[in-house]
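Quick notes on the structure that follows.
Throughout, read-outs are computed from the coordinates displayed, never taken from laboratory work. For clarity, every value in this text was computed on a predicted model and none was experimentally measured. As a convention, Cβ positions derive from the backbone with ideal geometry for all residues, glycine included, and neighbour counts pool all protein chains shown.
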Amino acid sequence: ETREDDASNQIATVDIRYGFPLGEQTMGLYAQMMGEDEAGYLPSRKSWLFGVDWTTQFLRSDQQWFVEFTNTLAEDLIGDARPDYAYDHFNYTTGYQYYGRAIGSTFDADAEALSLGILNFLPDGSNLSATLTYANLNKDGGNRVSQPDDEVFYNVPDGAQKVTIANLGYGNELFGGWLDLNLQLTDKKILLLGGAKDRWSLSASWKYRF
């Protein structure tokens, strides 16, 4: 087998952002296009992300707000939708995954999601964050990812599901590093190929900054 015989998983992404002043604050518009394949040396079979963010200043704190829309169903916005295409490949049947999680969108393929979020930067250097997301997961209901390893929890939605997700976060310096605390809540259990995900989860991470 030669290199020419192995059709690699060709993924290309284009990111665009435009920022401008808005009074004493700033605002930005951004977009991302991800092509799962190639045609005429340009990305094809496209998925999209669009967003807007802006800053405010209240109560001696700085805020960054954002609204973001994601669609990972290939060709759904322009052309004929192609389910079971994004983050997938005929040679690499486990998909574009690392330990059962898509290397890309949080919502995996064939999904739509609309998010509203805020980052609040406090005067002492700590920060608070909150995001509310409505997601339509695995819109076509198909399950495209093979599961060769029983010890891996596959974070791929099992069938079509609509869910509301809330994320809360807190970050601060601790022991010369940075501590992040995160809480996630959902209005129902999300069914994944690896099993049902609890309606709430709490996580903590600490990083040392050199």
Can you check what the net charge comes to around residue 144, using other residues whose Cβ is under 9 Å from the Cβ of residue 144 (Lys, Arg +1; Asp, Glu -1)?
-3
Arranged from highest to lowest average of other beta-carbon atoms within 10 Å per residue, in what order do the peptides 62-70, 153-161 appear?
153-161, 62-70
Name the residue from 59, 18, 43 whose Cα lies farthest towards the positive end of the charge dipole of the chain, charges +1 on Cβ of Lys and Arg and -1 on Cβ of Asp and Glu.
59
Estimated inter-spin distance, residue 116 and residue 56, nm [label 7 Å along Cα→Cβ]:
1.1
When the chain is fully extended, how far beyond the present Cα-Cα distance does residue 153 get from residue 29, taking 0.36 nm per residue of separation?
41.1 nm
Could you line up 139, 207 from fewest to most neighbouring Cβ atoms inside 10 Å?
207, 139
Test of understanding: ordering 144, 209, 199 by Cβ neighbours within 10 Å, fewest first, what list do you get?
209, 199, 144
Suppose every Lys and Arg Cβ carries +1 and every Asp and Glu Cβ carries -1, with no other charges. What dipole size does the range 157-200 come out with about its Cα centre, to the nearest 20 debye?
280
For the range 161-210, with the dipole built from +1 on Lys and Arg beta-carbon atoms and -1 on Asp and Glu ones, taken about the Cα centre, which of 171, 208, 195 lies farthest toward the positive end?
195
If neighbour count is taken as other Cβ atoms inside 10 Å, put 134, 85, 98 in order from fewest to most.
98, 134, 85
Between [x] 33, 23, 18; [y] 30, 18, 15; [z] 51, 21, 19, which entry matches semi-axes √(5λ) of the Cα gyration tensor in Å as derived from the coordinates of this structure?
[x]
Express in nm, to one decimal, how much length is gained between residue 180 and residue 146 on full extension, taking 0.36 nm for each residue of separation and deducting their alpha carbon distance.
8.9 nm
For the modelled label position 7 Å from the Cα of residue 207 along Cα-to-Cβ, which residues of the range 141-185 have backbone nitrogen atoms closer than 15 Å?
170-174, 176-182
Residue 199 to residue 81: extension gain in nm, 0.36 nm per residue of separation minus the Cα-Cα distance?
39.4 nm
